[in-house]
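The values are calculated or read from the model by the stated rules, or taken from the named source; none is laboratory data. Please read all numbers here as calculations on a predicted model, not as lab measurements. Cβ placement follows ideal geometry from the backbone for every residue including glycine, while neighbour counts extend to all protein chains displayed.
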Amino acid sequence: KAGVTQTPRYLIKTRGQQVTLSCSPISGHRSVSWYQQTPGQGLQFLFEYFSETQRNKGNFPGRFSGRQFSNSRSEMNVSTLELGDSALYLCASSSEGQGHYGYTFGSGTRLTVV
Amino acid sequence: QKEVEQNSGPLSVPEGAIASLNCTYSDRVSQSFFWYRQYSGKSPELIMSIYSNGDKEDGRFTAQLNKASQYVSLLIRDSQPSDSATYLCAVTTSGTYKYIFGTGTRLKVLA
């Protein structure tokens with residue numbers, strides 16, 4: 001069974017640019033959540049998608065957006081990048097909508113904004 | 001008050017000892033509790049889940065839940081250097097789709 005696949009693994013972008021990250025969940029998982037992880041803040045919840053609908057959203061500015069496709073694959077977009085957006089972005093999938101049975105995380109995308 | 005609190009550590013234990021990791025949460029209606037292990041440079045990996053009061057054992061790992069006192073703990077018996085990692089506690093509340101992580105406790109097992 002394939003795991004959660006995130007692409008790309010590494011990205012270097014310039015301030016002001018935008019970026020799109022992709023996540024393919026485990027087959028059959030309909031819930032995809034996105035997290036930002038930084039050394040100082042730990043895992044910060046961005047949003048959760050379930051069956052193409054955003055069900056929950058964290059406290060991030062509107063520059064952070066996402067979507068989910070009918071095949072459960074999800075994308076996350078960050079516009080007008082700032083230096084503080086440099087972080088590890090993790091995607092997590094679960095079989096039950098609330099992550100009740102726990103998440104399986106992807107390997108993450110390491111974003112560096114210069 | 002943070003919703004899920006953990007001591008950041010590092011918690012250092014000698015090889016073969018019991019490592020005890022603690023987590024407290026603020027929402028009394030929290031229902032599901034998880035422990036994740038994260039090695040440096042890697043993504044978190046689910047190691048234990050617990051849903052009801054008491055102990056749950058899985059190999060060298062035991063999760064303990066006390067809803068009245070609002071804490072959950074993870075015991076690692078016979079700690080090995082390979083257990084050295086950051087351990088993240090996570091809590092969910094049914095019906096709200098909220099899944100809250102603590103900031104993690106760094107465990108160092110000394111050979």
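May I ask you to list the residues in the range B:11-42 that are at pLDDT below 95 and part of a loop (DSSP other than H, G, I, E, B)? Correct list: B:Ser26, B:Asp27, B:Arg28, B:Val29, B:Ser30, B:Gln31, B:Ser40, B:Gly41, B:Lys42. For the range B:3-50, a residue qualifies if it is charged (D, E, K, R) and either at the interface with chain A (Cβ under 10 Å from one of its Cβ atoms) or under 12 Å from the mean Cα position of the chain (by Cα) (or both), and the qualifying residues are B:Glu5, B:Arg37, B:Lys42, B:Glu45. Across the range A:91-110, not a single residue is classified as within 13 Å of chain B (Cβ to nearest Cβ) and over 26 Å from B:Cys89 (Cβ atoms). Of the listed requirements (1) more than 14 Å from chain A (Cβ to nearest Cβ); (2) surrounded by fewer than 19 Cβ atoms within 10 Å (Cβ to Cβ); (3) more than 10 Å from the chain's Cα centre (by Cα), B:Asp58 misses just one: (1). Scanning the range A:37-56 for residues that are more than 10 Å from chain B (Cβ to nearest Cβ) and either of a type in the set (D, E, K, R) or in contact with a helix residue (DSSP H, G or I) (Cβ under 6 Å, 6 or more places away or on another chain) (or both) yields a single hit, A:Glu52.
Of the residues B:Ser49, B:Ser8, the single one that is surrounded by fewer than 19 Cβ atoms within 10 Å (Cβ to Cβ), of a type in the set (Ser, Thr, Tyr) and assigned to a strand (DSSP E or B) is B:Ser49.
Report whether or not A:Leu88 is surrounded by fewer than 22 Cβ atoms within 10 Å (Cβ to Cβ), touching a residue at least 40 places away in the same chain (Cβ under 8 Å) and more than 20 Å from B:Pro44 (Cα to Cα).
On the way: surrounded by fewer than 22 Cβ atoms within 10 Å (Cβ to Cβ): yes; touching a residue at least 40 places away in the same chain (Cβ under 8 Å): yes; more than 20 Å from B:Pro44 (Cα to Cα): no.
No, not satisfied.
Residue-by-condition table, conditions (1) over 22 Å from A:Arg110 (Cβ atoms); (2) modelled with pLDDT under 90; (3) β-branched (Val, Ile, Thr):
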| position | (1), (2), (3) |
| --- | --- |
| A:Thr14 | no, no, yes |
| A:Thr20 | no, no, yes |
| A:Pro25 | no, no, no |
| A:Tyr35 | no, no, no |
| A:Gly40 | no, yes, no |
| A:Phe50 | yes, no, no |
| A:Phe64 | no, no, no |
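Can you tell me which residues in the range B:74-96 are among the hydroxyl-bearing types (Ser, Thr, Tyr) and crowded, with 19+ Cβ neighbours inside 10 Å?
Applying the first criterion (among the hydroxyl-bearing types (Ser, Thr, Tyr)) to the range B:74-96 yields B:79, B:82, B:84, B:86-87, B:92-94, B:96.
Correct list: B:Ser79, B:Ser84, B:Thr86, B:Tyr87, B:Thr92.
Could you tell me whether any residue of the range A:62-81 is of a type in the set (Phe, Trp, Tyr), in a strand (DSSP E or B) and without any contact (Cβ under 8 Å) to a residue 40 or more places away in the chain? Give the steps one after another, and end with the answer.
Quick first cut of the range A:62-81, residues of a type in the set (Phe, Trp, Tyr) only: A:64, A:69.
Still in the list and also in a strand (DSSP E or B): A:64.
Add one more test, that the residue is without any contact (Cβ under 8 Å) to a residue 40 or more places away in the chain, and what stays is A:64.
There is at least one residue in the range A:62-81 that is of a type in the set (Phe, Trp, Tyr), in a strand (DSSP E or B) and without any contact (Cβ under 8 Å) to a residue 40 or more places away in the chain.
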